[in-house]
Amino acid sequence: MASGTDSGLSRLREQLRDPLLTLLTVLLVFWMFVLAPLHAAAVVNTDIIGFFLALAVTGALLILSPRPGAVIAMVIAIGLSAAAAWLRLRQPSNVDVLLNASAWTLIGVALAWVVGWAVFAPGRITYHRIMGAILLYLAIGLTFVALYTFVGLAVPDAFSGMAVKDSPAFSSTMIYFSFGTLTGAGGDITPVHPLARSLFNVEAILGQLYPATLLARLVTLEIEGESRR
């Protein structure tokens, strides 16, 4: 019975793996580039919506990965986010910013771990796997959002043009800075502290190397797939 169940789960993962990559990409894009700006503009309070999106991401990772580590990391991240939201309702402070940054770290690492395994696994390159490669790029940017937050909390003047503190606009501003760095677009926020500059340089290098490395790997996988077929 157990063997049959495991076999059924494996078939389900194979069927849903590629479509879930696209779904996760859409969810993360909506989370970071729609909900965060709306929250910053005080158009809508997105805490509850964000919580349910995090649950959806956790469920998708559970199906994508046979390893429990990523799902455990996501469950811990949800707990940290819930604690941060509770603290923010009582008395906003840098503690809830720290908890959220810890949650972002776990989410980014879990996504990179699971999605990287799915995207670069042997097999035919499909539209969904290309979307998964985009998702991996987004996960890198999200992880650096958390790392910059840790530096900003430890060193209040680490950035010029941005204060790391609890505010509705903070998440949107940090996402803007991180992805401006990753894509090379730049912006009006600059790192001042040496550690912030070091992270800035690392993310900028990753942003330049990732597309070239990704393209080479995907081409190799496609050639290998054609040879087997």
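The values are calculated or read from the model by the stated rules, or taken from the named source; none is laboratory data. Here the structure is a predicted model, which is why all the values come from computation and not from measurement. Cβ placement follows ideal geometry from the backbone for every residue including glycine, while neighbour counts extend to all protein chains displayed. Heavy atoms of the whole protein, side chains included, go into the accessibility calculation; ligands, DNA and RNA do not. Shrake-Rupley method; radii C 1.70, N 1.55, O 1.52, S 1.80 Å.
Looking at VAL219, VAL202, VAL115 in this structure, which one is of a type outside the set (Ser, Thr, Tyr) and either outside any helix (DSSP H, G or I) or open to solvent by less than 20 Å² (accessible area, probe 1.4 Å) (or both)? Steps first, please.
Numbers: VAL219 fails: either outside any helix (DSSP H, G or I) or open to solvent by less than 20 Å² (accessible area, probe 1.4 Å) (or both); VAL202 fails: either outside any helix (DSSP H, G or I) or open to solvent by less than 20 Å² (accessible area, probe 1.4 Å) (or both).
Being of a type outside the set (Ser, Thr, Tyr) and either outside any helix (DSSP H, G or I) or open to solvent by less than 20 Å² (accessible area, probe 1.4 Å) (or both) holds for just one of VAL219, VAL202, VAL115, which is VAL115.
Which residues, counting only those in segment 138-162, are over 22 Å from the mean Cα position of the chain (by Cα) and open to solvent by 20 Å² or more (accessible area, probe 1.4 Å)?
ALA154, VAL155, PRO156, ASP157, SER160, GLY161
Could you list, in sequence order, the residues of segment 86-115 that are polar (S, T, N, Q), in contact (Cβ under 8 Å) with a residue 40 or more places away in the chain and over 18 Å from GLY69 (Cβ atoms)?
Within segment 86-115, SER93, ASN94, ASN100 qualify.
Which residue pairs have Cβ atoms closer than 9 Å, lie 6 or more positions apart in sequence or on different chains, and pair a first residue in segment 117-128 that is under 13 Å from LEU215 (Cα atoms) with a second residue that is surrounded by fewer than 16 Cβ atoms within 10 Å (Cβ to Cβ) and modelled with pLDDT under 80?
VAL119/ARG217; PHE120/ARG217; ILE125/VAL219; ILE125/GLU222; ILE125/GLY225
Test ARG124 against the criterion of being more than 22 Å from LEU218 (Cβ to Cβ) and among the basic types (Lys, Arg), and give yes or no.
No: the conditions fail for ARG124.
Mind checking which pairs have a first residue in segment 178-192 that is over 17 Å from GLN208 (Cβ atoms) and a second that is in a loop (DSSP other than H, G, I, E, B), Cβ under 7 Å, 6 or more apart or different chains?
Between residues of segment 178-192 that are over 17 Å from GLN208 (Cβ atoms) and residues that are in a loop (DSSP other than H, G, I, E, B), the close pairs are ASP188/GLY161; ILE189/GLY161; ILE189/MET162; THR190/GLY161; PRO191/ALA158; VAL192/ASP157; VAL192/ALA158.
Please state which of the following conditions ALA163 fails to meet, knowing it meets all the rest: (1) over 23 Å from LEU206 (Cα atoms); (2) assigned to a helix (DSSP H, G or I); (3) of a type in the set (Gly, Ala, Ser).
Answer for ALA163: the failing condition is (2).
From (1) polar (S, T, N, Q); (2) in contact (Cβ under 8 Å) with a residue 12 or more places away in the chain; (3) in a loop (DSSP other than H, G, I, E, B), pick out the condition that doesn't hold for ASN45.
(2)
Please give the number of the condition PRO168 fails out of (1) at pLDDT below 90; (2) open to solvent by less than 60 Å² (accessible area, probe 1.4 Å); (3) closer than 29 Å to ASP96 by Cβ; (4) not basic (Lys, Arg).
If we test PRO168 against (1) at pLDDT below 90; (2) open to solvent by less than 60 Å² (accessible area, probe 1.4 Å); (3) closer than 29 Å to ASP96 by Cβ; (4) not basic (Lys, Arg), just (2) comes out false.
Quick one: which residue in GLY180, GLY184 is under 20 Å from the mean Cα position of the chain (by Cα) and open to solvent by less than 20 Å² (accessible area, probe 1.4 Å)?
Being under 20 Å from the mean Cα position of the chain (by Cα) and open to solvent by less than 20 Å² (accessible area, probe 1.4 Å) holds for just one of GLY180, GLY184, which is GLY180.
Any idea which of (1) in a helix (DSSP H, G or I); (2) crowded, with 17+ Cβ neighbours inside 10 Å; (3) modelled with pLDDT under 90 is the one ILE125 doesn't satisfy?
(1)
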